[in-house]
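S.K.: The structure is given below, and queries will be raised subsequently.
The values are calculated or read from the model by the stated rules, or taken from the named source; none is laboratory data. Please read these numbers as outputs of a predicted model, since none were measured by experiment. Virtual Cβ from ideal backbone geometry, glycine too; neighbours counted across all protein chains shown. Surface areas here come from the heavy atoms of the whole protein model, side chains and all, with no ligands, DNA or RNA. Shrake-Rupley method; radii C 1.70, N 1.55, O 1.52, S 1.80 Å.
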Amino acid sequence: MVLVDPYTMARAKMSSPLDMLETSCTRLVRRMINLPRAISRAVDQGLDLMTTGGGRRNNHQFPPQSVPLYHHHYPPPDHSISNNVQSNWDFLAGFEQQFGLTHPFFYACRFIEVLKMAQDEHKFVFLYLHSSNHPFTSPFCKDTLCSEVVVQFLDANFMSWGGFADRGEGLHLATTVQPTTFPFCAVVARGSEDSLVVVQKMEGPVTPEELVETLQTMLEEQGLSYDDKRAREEEKRRVDIRLRQEQDATYAASLQADQEKTLKPEKKPQHQDNANPNTQDIQILIRFPNGERKERFFSRGDKIEAIFKFIDSLGLLELGTNYRLVSSFPRKVYGVDQMRMSLKDAKFDREATLFIELV
């Protein structure tokens, strides 16, 4: 965790809130992973999260309750963007100092931005409100929230956001969801007309197995309501695949030309037919540290090395950058030792998502 130096903070005070947020989001680095640029650009909207009823521990709420983001019965929250972002980074720094670097990927940006990103990716937001003084907080964070099975499950299925329950945006959210005890977690989503939908509350200490089981059940039950939406998304995905096939055809032609210049005549270029995937091909989605995503089809007989060559050919990483590929759930790491392994031997499904992890 690299914090902003005093000179930068002094300059930020003389700039607009937009400049301050840009400085925070571009200079602060969390475990060598940059936040998406969309976060630093969307700085012109405030967050007023207000009013909701209480709930019991692990209380399912179907249909989920919809909470208006704006309500005049409560005093307006502090709209200082820099204060909110700094509070989020303070939470992340304090959490890692006390419990280590193995924890869910908490987005250290404004909560409303996480809601927007989750909506775009059709995911729920896992909300964690931290109460430092509660006796159950420390064991819950150490034994449950930071356990490997919970970390992998949350990173694969949710977008996570955490904050202090007594300050900053965390305080406004606590006013909204009204926790009755701690530790407090909730599954939320962005509703219609700027409302916050509370899908599930989880209050009090739980084991890693109980937490994962509760979240898995919630995902299965909520998935029924997304069938129609998923059908539309599937049609869009097929259209996107056709567009990517055309792009891959151009890439394959360029790759073939380069190989003919550099390889021996008897060697045949690889991936010439990659633009026309069949049922034996694997669709690989590559997620870069800056938030960009690239997709490509590979044959099951291709080596892991072919994925690395494809990434290097895009020119999105600086020359000489050391990295490895990581699948989130279950977590598997592909590096130098796995270069000669085929995708079939690596047991890739027809679709797979790989994260670029800088080393």
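S.K.: Collect the residues in region 98-128 that are closer than 24 Å to residue 287 by Cα and part of a helix (DSSP H, G or I), keeping them in residue-number order.
M.R.: 111, 112, 113, 114, 115, 116, 117, 118, 119, 120
S.K.: Among the residues of region 85-111, what is the count of those that are open to solvent by 10 Å² or more (accessible area, probe 1.4 Å) and of a type in the set (A, V, I, L, M)?
M.R.: Number of matching residues: 2.
S.K.: Scanning region 315-325 for residues that are hydrophobic (A, V, I, L, M, F, W, C) and over 19 Å from residue 351 (Cα atoms), which turns out surrounded by the fewest Cβ atoms within 10 Å (Cβ to Cβ)?
M.R.: 319
S.K.: Still on this model: Which numbered condition in (1) under 14 Å from residue 125 (Cα atoms); (2) modelled with pLDDT under 95 is the only one that residue 192 fails?
M.R.: (1)
S.K.: Would you say residue 312 is free of Cβ contacts under 8 Å to residues at least 24 places away in the same chain, assigned to a helix (DSSP H, G or I) and either of a type outside the set (Lys, Arg) or loosely packed, with under 14 Cβ neighbours inside 10 Å (or both)?
M.R.: yes
S.K.: Would you check which residues across region 120-174 are of a type in the set (Gly, Ala, Ser) and in contact with a His (Cβ under 8 Å, 6 or more places away or on another chain) and list them?
M.R.: Result: 162, 163, 165, 170.
S.K.: Filter region 326-344 down to the residues that are hydrophobic (A, V, I, L, M, F, W, C) and either open to solvent by 90 Å² or more (accessible area, probe 1.4 Å) or over 19 Å from residue 288 (Cβ atoms) (or both) and list them by number.
M.R.: 329, 336, 339, 341, 343
S.K.: Anything in region 345-359 that is open to solvent by 30 Å² or more (accessible area, probe 1.4 Å) and out of contact with any Lys or Arg (no Cβ under 8 Å at 6 or more places or on another chain)? List them, or say none.
M.R.: 345, 347, 349, 350, 351, 358
S.K.: Evaluate the following for residue 95: is it more than 24 Å from residue 357 (Cα to Cα) and either assigned to a strand (DSSP E or B) or over 14 Å from the mean Cα position of the chain (by Cα) (or both)?
M.R.: The answer is no for residue 95.
S.K.: Of 169, 213, which residue is free of Cβ contacts under 8 Å to residues at least 40 places away in the same chain and under 22 Å from the mean Cα position of the chain (by Cα)?
M.R.: 213
S.K.: Here is a further query. Taking only region 164-216 into account, find how many residues are open to solvent by less than 40 Å² (accessible area, probe 1.4 Å) and at negative phi.
M.R.: Matching residues across region 164-216 total 34.
S.K.: For region 125-148, state whether one or more residues are open to solvent by 30 Å² or more (accessible area, probe 1.4 Å), aliphatic (A, V, I, L, M) and in contact (Cβ under 8 Å) with a residue 12 or more places away in the chain.
M.R.: Within region 125-148 (the criterion being open to solvent by 30 Å² or more (accessible area, probe 1.4 Å), aliphatic (A, V, I, L, M) and in contact (Cβ under 8 Å) with a residue 12 or more places away in the chain), the answer is no, since none of the residues qualifies.
S.K.: Further question on the same structure: Failed condition for residue 188, given (1) touching a residue at least 40 places away in the same chain (Cβ under 8 Å); (2) assigned to a loop (DSSP other than H, G, I, E, B), with all others met?
M.R.: (2)
S.K.: While we're on this one: Just to verify a result, which residue in region 315-359, among those that are within 24 Å of residue 147 (Cβ to Cβ) and part of a loop (DSSP other than H, G, I, E, B), is nearest to the chain's Cα centre (by Cα)?
M.R.: Per the stated criteria, the residue is 328.
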